[in-house]
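Report on the following structure.
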Amino acid sequence: MADRASEAVRWAAFDRLRAGRAIAVADLAADVQFGMDELGEVLGGLVAAGLLERDTDGIVVGSHGLTLRPTVHHLVLDGVALHTWCALDAVAIPAALGVDAELTTCCGWCDQSLRVTAVAGRPRGGEELRVWVPGMDCENVLEQFCPFANLFCGSDHLEQWRVGAGEPPGHACTVTEIADLGPTWWSRDPDCCTPGAGEGQPW
Ligand SMILES: [Zn+2]
């Protein structure tokens, strides 16, 4: 799912979602200058791969990790209240954009509320926190990767979850390590997107 049309569409949607508003398909078509038929085909492929979300009316409400649909991961991104598909998104996206952010989520094991503040994209404190980066291949990122990419109080709670979950493939990162990778995961291909297609994304 790294073809140029798909990349252009999901980045255009991501950019609009940053303002906190849902996106009519006609507006997205204008952004990427695709006909409605072509755009419909691209949107269908992105939704099937779990890389874009539409509501029941077809309005685009999520793309590339950002969503207007309430999830456990609340992210105030550069002053705009949003949600993300997973904890990895919530740490990596501010880092990629270099903006201030505040993530509020819950430990994936004990449900304790956790908060990560980022200044110019860099997490402040929280060295004890861990993010689980699932390691399996997936056909639908939103359904198969994101539910497991959670934040944990520390290594001990992540390990208790991991053992309880049957020791799935993947690895643990600190929030600083996720922030270091954010600009690579959320980089656009200048050939098909206004200003970097992500290479080396974990999904
Ligand atoms: Zn915990």
Calculated FRET efficiency for the pair A19/E41, C-beta based, R₀ 25 Å, to 0.05: 0.45
Lys, Arg +1 and Asp, Glu -1 on Cβ, resulting dipole of the chain about Cα centre, debye, nearest 20: 500
Distance between modelled label sites at A5 and D55, nm, 7 Å Cα→Cβ extension: 2.7
Cα pair distances in the range 74-184, grouped into 5 Å bins until the bin that holds the longest one, percent each: 2, 14, 24, 26, 20, 10, 4, 0
Simple label model, 7 Å out from Cα along Cβ direction - A172 to A26, nm: 5.2
Nonlocal amide H pairs with H83, under 5 Å, H built at 1.01 Å: T67, L75
Contour excess over end-to-end distance, with Cα ends at V119 and D78 and 0.36 nm allotted per residue: 13.8 nm
Mean Cα-pair separation over length for the range 77-161, i.e. relative contact order, pairs under 8 Å, 6 or more apart, %: 31
Placed amide H near L151: partners under 5 Å, 5+ positions off or other chain: A87, G108
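FYI, it's all coordinate maths here, none of it is from the lab. Note that the structure is predicted; figures quoted are calculated from it, not measured. Note that we place each Cβ from the backbone using ideal geometry, even for glycine, and neighbour counts take in every protein chain shown.
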